[in-house]
Amino acid sequence: MLPSNLNIILFGDDHWSHLLPLTFTKPICELRIGILTIKEKWEKRLQGNASYITQDYLAEKFPLVIEQDNLLINSTFLPTSQLVEHILSLSLGETLMFQDEMIAARLSDKHFDNLSIESNALSSLKGKEINSETTEINRITRPYHIFSQNGRELLYDFDLITAGRKSQKISETNKVHGKYPIFLEEGAVMEYCIINTNNGPVYIGKDSLIMEGTMIRGGFAACDGSVVKMGAKIYGPTTLGPYCKLGGEVNNCVLQANSSKGHDGYLGNSVIGEWCNLGADTNTSNLKNNYLPIKIWSYVSESFQDTGLQFCGLIMGDHSKTGINTMLNTGTVIGVGSNIFGDGFPRTFIPSFSWGGASGFTNHMIKKALETAEIVMQRRNTSMSEIDQKILEHIYLNTANNRI
């Protein structure tokens, strides 16, 4: 019998590098897709508390907690009712497998002791196999999976978060049309907006502000404390993480948290990390002129890999910025701590801690990058910890070969 308060351990090392640059600063399970992060999804579905198995340099910020009874879960897999049911049925020492890859295992603390001694300790455990014909299997293993699967996850999270609860009253100044619901959390303000929910629900988080003149086509989520500027045009499925700001025109984008696109300019089919800022009239292309599938940079192969997608815009790591009137080509990947500015189109892979634009790049020196990051974080009443600083310094040193 499982304990009442489950101890969940989320891992994903085999795929962590495939999700760079978004995972430079965090484990996979801290990525947001839909409304919640992957960690939050599993915690709510399993009614437990989660910790991490992650990269060594991230472990101090994201520690591992081992109890007598633990559920080990591959965080590239996203929870569904069927999958949760399979996981809850596991006995101690049993694994759940999908196509020779482990989704989950129920392990004692002694099992973990064996794992540290024997590299093949998991292979000796009893396994249950599931398949996609009988169980819904959803997972993310590439950055662009976040926006391409955002609609489904937004709907699942909406149902999970709002079940049995009542929305705050929606002001009569708004024009609302569509078949999916709208849910406003306490303190959310939305006046004189046009909302079409035919394609998905609309979730407005606690203390969020949707300014007048905003036009929304769901699904759409504005998480706690986020702000949508006047006259914004939002095409779903789009998610604003906590304390993000949004203006201009967006289509099928996910802003992770604490990032700003506060002015006019187009952003489509993109994922933006934390503590980023897109300057006024920054525009991203999300469709090639020849309409062919888009290739983006892979940190694993160190080459451009085919996404199979016709629409793919920008993948931006944490703490990166663009200046006013920046133009970004289709399938651009920008690392952590970069600052892009100037006229023309810069190249489509911009390494971490780069400074410049189409005319060329130099190093964004770590001291200057940290100074900027600290100022930006203070603007949202957050301070940069010594751990955060060490993580950014590690990334700076370990991505130097990309900047050559």
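FYI, it's all coordinate maths here, none of it is from the lab. Just so we're clear, the structure is a prediction, and the values are computed from it rather than from any experiment. Counting neighbours? That spans all protein chains shown, and the Cβs are built from the backbone with ideal geometry, glycine included.
Observations on the model:
- Anisotropy class of region 6-141 from Cα gyration tensor, a/c 1.5 cut: rounded
- Taking other C-beta atoms within 10 angstrom as a stand-in for reagent exposure, TRP16, TRP275 fall in the order TRP16, TRP275, fewest first.
- Take each peptide in 30-37, 207-214, count the other Cβ atoms within 10 Å of every residue, and average; sorted highest first, the result is 30-37, 207-214.
- Amide H contacts of PHE349 (H built 1.01 Å from N, under 5 Å, at least 5 apart or other chain): VAL333
- SER354 long-range amide H proximity, modeled H, under 5 Å: SER338, ASN339, HIS364
- Bridgeable aspartates and glutamates around LYS206 (alpha carbons under 13 Å apart, same-chain partners fewer than 8 residues away excluded): GLU185, GLU186, ASP224.
- Extension gain for SER359 to LYS44 (0.36 nm times residue separation, less C-alpha to C-alpha distance): 108.6 nm.
- Beta-bridge orientation, region 6-141: approximately 50 percent antiparallel, per DSSP, counting only bridges with both partners inside.
- Phi-based couplings in Hz for region 227-239 (Karplus 6.51, -1.76, 1.60; Gly and Pro marked x): 10, 10, 6, 4, x, 5, 10, 10, 9, x, x, 10, 10
- Label point of LYS175 set 7 angstrom out along Cα-Cβ; within region 200-224, amide nitrogens under 12 Å from it belong to 213-216.
- DSSP beta bridges in the chain [antiparallel fraction, %, rounded to 5]: 25
- The packing ranking of peptides 314-327, 79-92, 377-390, 61-74, highest mean first, is 314-327, 61-74, 79-92, 377-390, where packing means the average number of other beta carbon atoms within 10 angstrom of each residue.
- Table column - 3J(HN,Hα) (Hz), region 54-68, Karplus curve with 6.51, -1.76, 1.60, x for Gly and Pro: 9, 4, 4, 6, 9, 5, 5, 7, 10, x, 9, 10, 10, 10, 5
- In sequence order, region 176-189 has phi-based couplings of 10, 8, x, 9, 8, x, 10, 10, 10, 7, 4, x, 6, 10 Hz under the Karplus curve 6.51 cos²θ - 1.76 cosθ + 1.60, θ = phi - 60°, and Gly or Pro positions carry x.
- Cα gyration tensor category, rounded, prolate or oblate, for region 161-259 with a/c compared to 1.5: rounded
- GLU186-GLU371 FRET efficiency (beta carbon distance; Förster radius 30 Å; 0.05 resolution): 0.25
- Every helix of 4 or more DSSP H residues in the chain counts as -39500 (n - 2.57), and over all residues that averages to -5000 deg cm²/dmol at 222 nm.
- Nitroxide proxy distance, nm - points 7 Å out along Cα→Cβ at ASP14 and GLN99: 1.1
- Here the spin labels are modelled as points 7 Å beyond Cα on the Cα-Cβ line, and at LYS166 and ARG380 they lie 3.3 nm apart.
- Cα-based shape type of region 281-334, given that a ≥ b ≥ c are square roots of the gyration tensor eigenvalues and the cut on a/c is 1.5: oblate
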